[in-house]
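Asker: Encoded as structure tokens, here's the structure I'll be asking about.
Quick note: the coordinates plus some simple rules give every number you see, no bench work behind them. These numbers come from a predicted model, not from an experiment. Glycine also receives a Cβ, built like all others from the backbone with ideal geometry; neighbour counts cover every protein chain displayed.
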Amino acid sequence: MYGAIIAFKKYNFTDGILHSPWVGLDNFKLLFSTPTTIQIIRNTLALSLLSIVAGFPFPILLAVLLNEVRRMWFKKIVQTLVYLPHFFSWVIVSGIVVTIFSQQNGVVSGLWESLTGRSYPFLYREGSWLAIFVGSGIWKEAGFSAIIYLAALTSIEPSLYEASSMDGASRWKQLWHVTLPGIRTTIALMFILSMGRVMEVGFDQVYMLQNSTVSDISEVISTYIYKIGLMGAQFSLTTAIGLFESLVGLILVLGANAIARKYGNGLW
């Protein structure tokens with residue numbers, strides 16, 4: 001919080017945080033007067049919202065499917081396989097992704113070429129890059145996030161399933177009327193937390209997967225802060241956009257919680 005003062009100053013190492021010249025909102029005015037900043041914010045929102053819309057249901061679906069498995073040895077093997085990517089760094093995951101989708105010797109590119117007779121630059125086209133970005137994020141984190149939902153599923157009373165079964169409810173109806181309502185509070189909690197991270201697209205994932213060809217959609221706030229703030233030494237500008245990012249996250253958390261509270265699932 002102390003470092004946030006830099007956003008309102010023309011910071012330099014010689015004068016330090018307290019004695020650097022005060023410029024008020026000039027850094028914010030400079031940021032939002034340039035088309036580049038608007039595009040970066042738009043990219044950040046687009047990538048994050050796309051990841052939430054496409055990726056948020058996957059851990060729930062995975063947890064429900066694992067909960068239905070009755071053979072424990074098979075369940076443990078699947079759990080291990082889907083949890084494992086979470087413990088890999090994005091350097092490793094991105095290396096795997098690039099190896100698979102590389103135009104020169106990638107597995108998917110080779111299969112595509114054998115089917116169509118021509119190669120396809122998956123990592124250099126905006127549409128396919130977006131799909132790879134979202135898909136790699138889901139593959140890495142869905143398994144670990146499912147742990148939370150699996151823990152919530154254990155709190156559902158087995159008698160509810162027995163009663164619904166006696167009433168003639170199918171497995172689908174039990175899922176819709178017993179399972180999902182039973183983890184509704186956990187789903188609301190995870191959704192509120194995910195909304196707070198809308199402006200925080202991970203630096204590692206984007207930086208390792210982006211290239212100059214898709215920079216129009218892959219340049220986000222975190223990579224902008226790295227390139228302009230650390231490499232360009234414009235600390236005041238990047239602190240300003242970081243503070244803006246935090247304020248937007250706070251507003252989204254409060255808004256999501258207000259909506260959830262109307263249905264009795266708010267955090268406060």
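Asker: So, in segment 233-262, exactly how many residues are buried (at least 16 other Cβ atoms within 10 Å of the Cβ) and not in a helix (DSSP H, G or I)?
Answerer: Step one: filter segment 233-262 for residues buried (at least 16 other Cβ atoms within 10 Å of the Cβ), giving 234-245, 248-249, 252-253, 256-257, 260.
Then drop every residue that is not not in a helix (DSSP H, G or I), which leaves 234.
Going through segment 233-262 one residue at a time, the tally reaches 1.
Asker: Next up: Only one residue in 200, 162 is over 25 Å from residue 78 (Cα atoms) and not in a helix (DSSP H, G or I). Which one?
Answerer: On the way: 162 fails: not in a helix (DSSP H, G or I).
Among 200, 162, only 200 is over 25 Å from residue 78 (Cα atoms) and not in a helix (DSSP H, G or I).
Asker: Something else: Considering only segment 208-232, how many residues are surrounded by fewer than 17 Cβ atoms within 10 Å (Cβ to Cβ) and assigned to a helix (DSSP H, G or I)? Break it down stepwise before answering.
Answerer: If we filter segment 208-232 for residues that are surrounded by fewer than 17 Cβ atoms within 10 Å (Cβ to Cβ), which is where we start, we get 211-213, 215-216, 226-227, 230-232.
Those left that are additionally assigned to a helix (DSSP H, G or I): 212-213, 215-216, 226-227, 230-231.
Adding up the residues that qualify gives 8.
Matching residues to (1) in contact with a strand residue (DSSP E or B) (Cβ under 8 Å, 6 or more places away or on another chain); (2) surrounded by 15 or more Cβ atoms within 10 Å (Cβ to Cβ); (3) of a type outside the set (Val, Ile, Thr); (4) under 16 Å from residue 68 (Cβ atoms):
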position: 163; (1), (2), (3), (4): no, no, yes, no
position: 172; (1), (2), (3), (4): no, no, yes, yes
position: 176; (1), (2), (3), (4): no, no, yes, yes
position: 195; (1), (2), (3), (4): no, yes, yes, no
position: 205; (1), (2), (3), (4): no, yes, yes, no
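Asker: Scan segment 45-58 and report the pairs whose first residue is closer than 13 Å to residue 191 by Cβ and whose second residue is outside any helix (DSSP H, G or I), with Cβ atoms within less than 7 Å and a gap of 6+ or a chain change.
Answerer: The qualifying pairs are 49/198.
Asker: So, one more: Any residue at all in segment 184-203 that's β-branched (Val, Ile, Thr) and within 30 Å of residue 102 (Cα to Cα)?
Answerer: Start the filter on segment 184-203 by keeping residues that are β-branched (Val, Ile, Thr), which leaves 185-187, 192, 198, 201.
Restricting the remaining residues to those that are within 30 Å of residue 102 (Cα to Cα) gives 198, 201.
Yes, some residue in segment 184-203 is β-branched (Val, Ile, Thr) and within 30 Å of residue 102 (Cα to Cα).
Asker: Inside segment 3-23, can you point out the residues that are more than 15 Å from residue 238 (Cα to Cα) and in contact with a helix residue (DSSP H, G or I) (Cβ under 7 Å, 6 or more places away or on another chain)?
Answerer: At the first step, the residues of segment 3-23 found to be more than 15 Å from residue 238 (Cα to Cα) are 13-16, 18-22.
Matches in segment 3-23: 22 only.
Asker: Moving on. Could you check segment 1-17 and list, in sequence order, the residues that are surrounded by fewer than 16 Cβ atoms within 10 Å (Cβ to Cβ) and part of a loop (DSSP other than H, G, I, E, B)?
Answerer: 1, 10, 12, 13, 14, 15
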